[in-house]
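Worksheet for the structure shown next.
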Amino acid sequence: MAETTVAEVMAELAALEDPKIRKVNEKHGDDHGVNLGKLRALAKRLKTQQELARRLWGTDDTAARLLAILICRPKAFERDELDVMLREARTPKVHDWLVNYVVKKNPHAEELRATWSADPDPVVASAGWALTTERVAKKPEGLDLAGLLDVIEAEMKDAPDRLQWAMNHCLAQIGIEHAEYRDRAIDIGERLRVLEDYPTPPNCTSPFAPIWITEMVRRQGAK
């Protein structure tokens, strides 16, 4: 029954494939052409199905893996299973969704955060930094924020793109959430100039840390 269901789901995903969407996604490293709104609607119809999610993940198809993330039970995965899945996540969207929708809700998140942050693979390490940023914002107790800033100051400038982006987000989050480290976070951003020239659409905040921090603190003060 499950195999038939996987075949049916794959056929439905194939029917949703749009070459124009694929062309746009491929510019960002994502090899699928399914509208995410339609993908979410399909997930809503399927509801939570953990075994189906595991089988869809096993297809190695990007759209199927995104759907798997939406219909899985995040707390049902074992630590080692999530570690393997992250290393198998070939595309940025699958990687980001897996971290944000699954790992952050899993009881092994903190253990994985520590493991991944020290991983020599910069893409894996970026997942560790994403989990660290989550803790900076929501559960900073026990984190060495000054130590994190030391690492960011020493390594962010020359880090590969995905790792650099994750470290920069952590830098901004420290500056936004922790007033005692705000001046140092802004100073690090100003000296390293990371993402200073990143193209930012109108009405969006620049990811350049000094601008990002200042704007978010201003908004918080305006509430």
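Please give me, ordered by residue number, the trypsin sites (Lys or Arg not before Pro) of region 8-61 that lie in loop per DSSP and have at most 10 other Cβ atoms within 10 Å.
Lys27, Lys47
Want the number for Arg87 to Glu155: 0.36 nm per residue separation, take away the alpha-carbon distance, what's left?
The Arg87-Glu155 span can extend by a further 22.3 nm.
In debye, nearest 20, what is the charge dipole magnitude of the chain about its Cα centre with +1 on Lys and Arg Cβ and -1 on Asp and Glu Cβ, if you could check?
1060
Can you give me the angle between helix 62-71 and the longest principal axis of the chain, using Cα atoms only, in degrees from 0 to 90, rounded to the nearest 10?
80
Explain nothing, just the number: dipole magnitude of region 149-223 about its Cα centre with +1 on each Lys and Arg Cβ and -1 on each Asp and Glu Cβ, in debye rounded to the nearest 20.
Taking the Cα centre of region 149-223 as origin, the dipole is about 340 debye.
On a 0 to 90 degree scale, rounded to 10, what angle separates helix 182-192 from the longest Cα axis of the chain?
On a 0 to 90 degree scale, this one is about 80.
Which of Asn168, Asn100, Asn25 ends up with the largest GNM mean-square fluctuation for the chain, with Cα atoms connected below 10 Å?
Asn25
Given (i) 53, 38, 36; (ii) 58, 38, 37; (iii) 59, 51, 29, which label gives Cα extents along the principal axes in Å as computed from the coordinates?
(ii)
Which GluC sites (Glu not before Pro) in region 23-84 pass both tests, a DSSP loop state and at most 13 other beta-carbon atoms within 10 Å?
Loop-located and lightly packed - Glu78.
I need the shape label for region 86-199. Rule: rounded when a/c is under 1.5, else prolate if a/b > b/c, else oblate, with a, b, c from the alpha carbon gyration tensor.
Oblate is the answer for region 86-199, as a/c is 1.5 or above yet b/c matches or exceeds a/b.
Classify region 1-117 from the C-alpha gyration tensor, please: rounded if a/c falls under 1.5, else prolate or oblate depending on whether a/b exceeds b/c.
oblate
Debye sum, Cα scatterers, region 131-174, no solvent: what log₁₀ I/I(0) at q = 0.21, 0.27, 0.28 1/Å?
-0.62, -0.96, -1.01
Under a point-charge model restricted to the Cβ atoms of Lys and Arg (+1) and Asp and Glu (-1), what is the dipole moment magnitude of region 59-189 relative to its Cα centre, in debye to the nearest 20?
Around 580 debye, computed over region 59-189.
With θ set to phi - 60° and the Karplus curve 6.51 cos²θ - 1.76 cosθ + 1.60, what are the ³J(HN,Hα) couplings of region 79-96 in order, to the nearest whole Hz, using x for Gly and Pro?
Result, ordered by residue: 4, 5, 4, 5, 4, 5, 4, 4, 6, 7, 6, 6, 10, x, 5, 4, 4, 5 Hz.
Based on the Cβ-Cβ distance from Lys138 to Arg191, what FRET efficiency comes out when R0 is 35 Å, to the nearest 0.05?
After rounding, the FRET efficiency stands at 0.80.
The numbers here are math on the coordinates, done by the rules we state, and not lab data. Remember, it's a predicted structure, so these values are computed and weren't measured experimentally. Every residue, glycine as well, gets a Cβ built from its backbone with ideal geometry; the counts of neighbours run over all protein chains shown.
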